[in-house]
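Only the coordinates and a few stated rules stand behind these numbers; no lab work does. This one's a predicted model, so the numbers in the text were calculated from it and none came from an experiment. Quick reminder, even Gly has a Cβ in these numbers, built from the backbone with ideal geometry, and neighbours come from all protein chains shown.
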């Protein structure tokens, strides 16, 4: 398995690298994978075609301090999400999730409160990346931007949130777009193998972080 991490000039990128390495080493030891490699490249280091030629089995778009609205800062990430995410399983973490929302037509806006180094319990749909993950798990957040509920793209599915929102309405687009006292913490594309989480699974303070990443790697 070859995993490509696109680094958005973020200090958390190599924490992800370490977590993924530990997971894949464990899976290799028990025979689930024959071999693996993890490649980290900055978002302005390679072109879309060079990334395509790498033939990665999984792509992760890292967190970062900027905004996906800034094309210069976000580099090749938007193209990777739009083009390679159609066929190659892709995970966007924090900024990476915001990038997915942006690419598919949603808005990324300022959060009501900056959440830097804050822990929150999240609700989720128990599917995809969240399969066999307990509900109300506590996750570490480092962000001041968020996906706007009112412009949530029709092609995406809500998979996790923090706040007050009925679990039965997770797949109800019109209800999501009404907004309310909640923030989007997880998404999944309805047709492509594209996943996003707003929080940091690689943080020691996130419950079940390795299980979440493992679910993505072996979905």
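Determine the relative contact order of the chain: mean sequence separation of Cα pairs under 8 Å and six or more apart, normalised by residue count, in whole percent.
The normalised contact order for the chain reaches 20 percent.
Which order do 58, 175, 141 fall in if you start with the one that has the fewest other Cβ atoms within 10 Å?
Listed from fewest to most nearby Cβ atoms, that is 175, 58, 141.
Please arrange 185, 140 by counting, for each residue, the other beta carbons lying within 10 Å of its beta carbon, fewest first.
140, 185
Enter the angle in degrees (range 0 to 90, nearest 10) between the Cα long axis of helix 13-29 and the first principal axis of the Cα atoms of the chain, meaning the one along which they spread out most.
Relative to the chain, helix 13-29 is tipped by roughly 60 degrees.
Between residue 52 and residue 138, 0.36 nm times their residue separation minus their Cα-Cα distance comes to what?
So the extension gain works out to 27.4 nm.
Taking only Cα atoms and a 10 Å spring cutoff, compute GNM fluctuations for the chain and point out the largest among 180, 106, 92.
Sorting by GNM fluctuation, first place goes to 180.
For a label point 7 Å from the Cα of residue 190 along Cα→C-beta, name the residues of the range 142-178 whose backbone N is under 12 Å from it.
Of the residues in the range 142-178, 153-158, 171-174 have backbone N under 12 Å from the label point off residue 190.
Would you mind ranking 13, 159, 87 by Cβ crowding within 10 Å, fewest neighbours first?
The fewest-first ordering by Cβ neighbours comes to 87, 13, 159.
So what's the projected area for the chain, the Cα convex hull averaged over all directions, in nm²? It would help to have the intermediate numbers written out before the result.
Numbers: hull surface 43.0 nm².
Average projection, Cα convex hull of the chain: 10.7 nm².
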